[in-house]
Every structure is written in C-alpha cells, then in structure tokens.
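**Q** Here you go, one structure.
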Amino acid sequence: MAIPTSRAKEPAEISVNADLCNACGLCVAACSDFSLTLENGKAVKSNHPLFGCIGCGHCMAVCPTGAIEIHGRTISPDDLFTMPPRENLANYSQTLALLQRRRSIRKFKNKTIDTEIIEKILDAARTAPMGLPPSDVNVMILDSKEKTRSFAQDFCNYLGGMQWFVSNWFLTIMKPFWGKANDEMFRGFIKPLFKIYTEGMQEGKNLVNYDAPLAMYFYGSPYTDPADPIIAATYALIAGESLGLGTCMLGAVHPLIQNGKKASKFRETHGIRFKSREGLFVIFGYPALKFEKGIRRSFADINQI
Ligand SMILES: Cc1cc2nc3c(=O)[nH]c(=O)nc-3n(C[C@H](O)[C@H](O)[C@H](O)COP(=O)(O)O)c2cc1C
C-alpha cells in the first residue's frame, strides 16, 4: 500500500524507457519520494522510495526526452500538457490589482452564469496544490439561484432540528472539552447565527448563500488533508474574480453538517459524498454592488526570525 487517499491506495507505476533516457538526472532531483536513481548511466527505479510513487508526475513532466511514464493513481502520460509561455503570465502588479479589487460580494444581479464560466473556474481550481495526489477534493455545484435558495432552505430546516446543539445546557457541558475560545465562538457567533439564518429564511431572506446564481462547495474525504479543499476554494474564488464575477467564501455550512445522523442524511440528500475535516463554499455572481475603495488588511502577527 502507498499513501492512501479515497481514490487510490496503491503506488503508481514508474517506467523508464532506457533508449530515450539521457541520464540528465532531472527526474532523480525532482522526485521527493526518492523513487528514482541513476545507475550505469540510466534513470532506474530505486529500491529505497520513502512511500512509493504517489503519482505527482514531476519526473515525467521534467524529463526533457519523454523517457518517463507514470501510470496509476489516476495519472497517465495523457495528463501532460505544454506549459503556457512565460510572457502570457500575469505579472505581480496585475496579480496584486486583481487581489486588491476583490471584495466579498453578497448582492448579485439576476443573471445566470454560463456553463463555460463554470468550467473555467473548475479548470483554474484544479491547478491548486492539493496535498497528496490524486486530489481528494470533491466539488458540489449549485448552478442557479433556485438551487442555492433550495439548498439554503433545506439547511435552515435542518438547523431547526439541531437547536440542542446551541442550547445553554449543551454549551455548558462542552466547555471543559472544547475550551474557552470555542465556547465564546459558539455563544457569540454560532448560536446567534442559527437564529439569523432560520428567522431570516422565515422572512424570505436567504442569509446562508444570498441566492447566488452559483455556489461551489469544496470538501474532502476522511483521508483529505484539511487544507486541500480550502486551497482549491481559494483558487476558484480568484478565478471567479478574474472572470468578472463577485465572490464570497461561506464557512458556516460545512462544520454544521459533519456530525450525527441528521447531518449524514442532509449530506446524502444533497449528493455530498463524505464528511471531512474542512470544507468551504464559494458563491459567485455578477455583483450588484460596486466598490470604489478597498480596505487594507493586517495579519495577527508577522514574526521574522
Ligand atoms: C473561511 C471563510 C468563511 C467565511 N464565511 C462567511 C459566511 O459564512 N458568510 C458570509 O457572509 N461571509 C463569509 N466570509 C467572508 C468574510 O466575511 C469576508 O472575507 C470578510 O468580511 C472580509 O471581507 P473581504 O473578503 O471583502 O475582504 C468568509 C470568509 C472566509 C475566509
């Protein structure tokens, strides 16, 4: 067994075509698993890999003669593509301008998002560095405001049956286990959020996902590094911005649909395949608000040692 993910448990297969190998050693240098070595002037599989080939494809991508093929763990030589030329890349000031212009948008024009745009967002998000290949990130897509509203409605109904989770007796019992910060978060944020979401929905206001014409939910599996869905969601958000869409991350749904039978039923109803440690919604739409000013942000701390 190699490093397991929900999609692969075995190592990928490395093959080196000795006739094409020019012994440049780039594959050996690129492989952080030490799966390759040079022997008698040729790259060969080493007998001391760390975990076994995880199928990152680095050796195949760096090889200047096409001597290496990786098969398995969902990767094959068909996955290689020629990199876009350097002169096509956004430079730092263009990238910074895109990032500086982004504001979280929660009011959208009544305009649907074309399938091609959705594909473009997914194409960009798939390039995100996601832990161990093959990526264990799943994406659930709601591609109309009717679908986001229906999801939000269902979520609010589900919260209605989960009131005990934010009841004073439950929070008092849990405080010694999950600590002061969690207690404060639940009392000051999650408990009022239940009320805001459910009462808002009763009044016809969707404060869960704002009736966005597109929502993507990035989540993992029991195997996934918790960072992976978040990184993919961030890439999707930036791609959405570059396509002229307003975007906003939504963190509140994921943690509330992880534990218990009702959560499991809710996930099943909405085609969410796994529970996972982290997950994030990103909503997209043509912004109904225009911002003239950005807001300078800070980190909690930068400690350069
Ligand atoms: C992990 C995460 C979760 C978030 N969850 C929500 C949410 O549930 N609802 C919401 O309206 N905004 C949510 N936001 C958006 C933040 O409120 C927003 O990023 C913040 O106010 C800063 O504003 P800006 O994104 O315009 O800079 C979330 C942002 C992040 C990064």
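**Q** Name the one entry in ILE257, ILE230 that is farther than 25 Å from THR112 by Cβ, β-branched (Val, Ile, Thr) and in contact with a helix residue (DSSP H, G or I) (Cβ under 9 Å, 6 or more places away or on another chain).
**A** Working: ILE230 fails: in contact with a helix residue (DSSP H, G or I) (Cβ under 9 Å, 6 or more places away or on another chain).
The conditions single out ILE257.
**Q** Those residues that are within 22 Å of TYR286 (Cβ to Cβ), within 16 Å of the ligand (Cβ to nearest atom) and in a helix (DSSP H, G or I), I need them from segment 90-117; list them, please.
**A** Answer for segment 90-117, where residues must be within 22 Å of TYR286 (Cβ to Cβ), within 16 Å of the ligand (Cβ to nearest atom) and in a helix (DSSP H, G or I): ALA97, LEU98, LEU99, GLN100, ARG101.
**Q** Would you confirm, using the coordinates I've provided, whether VAL282 is crowded, with 19+ Cβ neighbours inside 10 Å and under 21 Å from MET162 (Cα atoms)?
**A** Details: crowded, with 19+ Cβ neighbours inside 10 Å: yes; under 21 Å from MET162 (Cα atoms): no.
So VAL282 does not fit the description; no.
**Q** Which numbered condition trips up THR82, out of (1) touching a Phe, Trp or Tyr at 6+ places or on another chain (Cβ under 8 Å); (2) among the hydroxyl-bearing types (Ser, Thr, Tyr); (3) farther than 23 Å from THR224 by Cα?
**A** Exception for THR82: condition (1).
**Q** Looking only at residues that are in contact with a Ser or Thr (Cβ under 9 Å, 6 or more places away or on another chain) and β-branched (Val, Ile, Thr) in segment 90-112, which one is surrounded by the fewest Cβ atoms within 10 Å (Cβ to Cβ)?
**A** So, considering only residues that are in contact with a Ser or Thr (Cβ under 9 Å, 6 or more places away or on another chain) and β-branched (Val, Ile, Thr), the one surrounded by the fewest Cβ atoms within 10 Å (Cβ to Cβ) is THR112.
**Q** Can I ask one more? Can you tell me which of (1) under 27 Å from GLU119 (Cβ atoms); (2) at pLDDT below 95 is the one GLY285 doesn't meet?
**A** Here GLY285 clears every test but (2).
**Q** Evaluate segment 178-199: report whether one residue or more is within 14 Å of CYS248 (Cα to Cα) and among the β-branched types (Val, Ile, Thr). Walk me through it before giving the result.
**A** The first filter runs over segment 178-199 and keeps only residues within 14 Å of CYS248 (Cα to Cα), leaving none.
No, segment 178-199 contains no residue that is within 14 Å of CYS248 (Cα to Cα) and among the β-branched types (Val, Ile, Thr).
So that you can scan it fast, the table gives a plain yes or no per residue for (1) more than 14 Å from the chain's Cα centre (by Cα); (2) farther than 29 Å from ALA97 by Cα; (3) away from the ligand (no atom under 16 Å from the Cβ):
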| residue | (1), (2), (3) |
| --- | --- |
| PRO222 | yes, yes, yes |
| GLY244 | yes, no, yes |
| ILE257 | yes, yes, no |
| ARG267 | yes, yes, yes |
| ARG273 | yes, yes, yes |
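**Q** Still on this structure, please answer the following. I'm trying to understand the selection: among the residues of segment 59-89, which are assigned to a helix (DSSP H, G or I) and either surrounded by 18 or more Cβ atoms within 10 Å (Cβ to Cβ) or touching a strand residue (DSSP E or B) at 6+ places or on another chain (Cβ under 6 Å) (or both)?
**A** Initial filter on segment 59-89 (assigned to a helix (DSSP H, G or I)): 59-62, 77-79, 86-88.
Passing the criteria: CYS59, MET60, PRO77.
Residue-by-condition table, conditions (1) among the small types (Gly, Ala, Ser); (2) under 20 Å from ILE117 (Cα atoms):
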position	(1), (2)
PHE165	no, no
THR172	no, no
LYS175	no, no
MET185	no, no
PRO192	no, no
ASP211	no, yes
GLU241	no, yes
GLY244	yes, yes
ALA252	yes, no
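**Q** Can you tell me how many residues in segment 118-128 are in a loop (DSSP other than H, G, I, E, B) and either exposed (fewer than 11 other Cβ atoms within 10 Å of the Cβ) or not assigned by TED's automatic domain parsing to the domain that holds TYR235 (or both)? Step through it out loud before you land on a result.
**A** To start, the set of residues in segment 118-128 that are in a loop (DSSP other than H, G, I, E, B) comprises 126-128.
The next check asks that each one be either exposed (fewer than 11 other Cβ atoms within 10 Å of the Cβ) or not assigned by TED's automatic domain parsing to the domain that holds TYR235 (or both); those that pass are 127.
Number of matching residues: 1.
**Q** Here's something else I'd like to know. How many of the residues making up segment 280-302 are more than 10 Å from the ligand (Cβ to nearest atom) and within 19 Å of VAL208 (Cα to Cα)?
**A** 6
**Q** Out of all the residues in segment 17-34, which are touching a residue at least 24 places away in the same chain (Cβ under 8 Å), part of a loop (DSSP other than H, G, I, E, B), more than 10 Å from ALA67 (Cα to Cα) and out of contact with any His (no Cβ under 9 Å at 6 or more places or on another chain)?
**A** Matches in segment 17-34: CYS24 only.
**Q** Here's a follow-up. Out of (1) farther than 17 Å from LEU142 by Cα; (2) within 12 Å of the ligand (Cβ to nearest atom); (3) assigned to a loop (DSSP other than H, G, I, E, B), what's the single condition that is false for ILE305?
**A** Going through (1) farther than 17 Å from LEU142 by Cα; (2) within 12 Å of the ligand (Cβ to nearest atom); (3) assigned to a loop (DSSP other than H, G, I, E, B) one by one, ILE305 breaks only (2).
The values are calculated or read from the model by the stated rules, or taken from the named source; none is laboratory data. Since this is a predicted model, take the numbers as computed values, not measurements. As a convention, Cβ positions derive from the backbone with ideal geometry for all residues, glycine included, and neighbour counts pool all protein chains shown.
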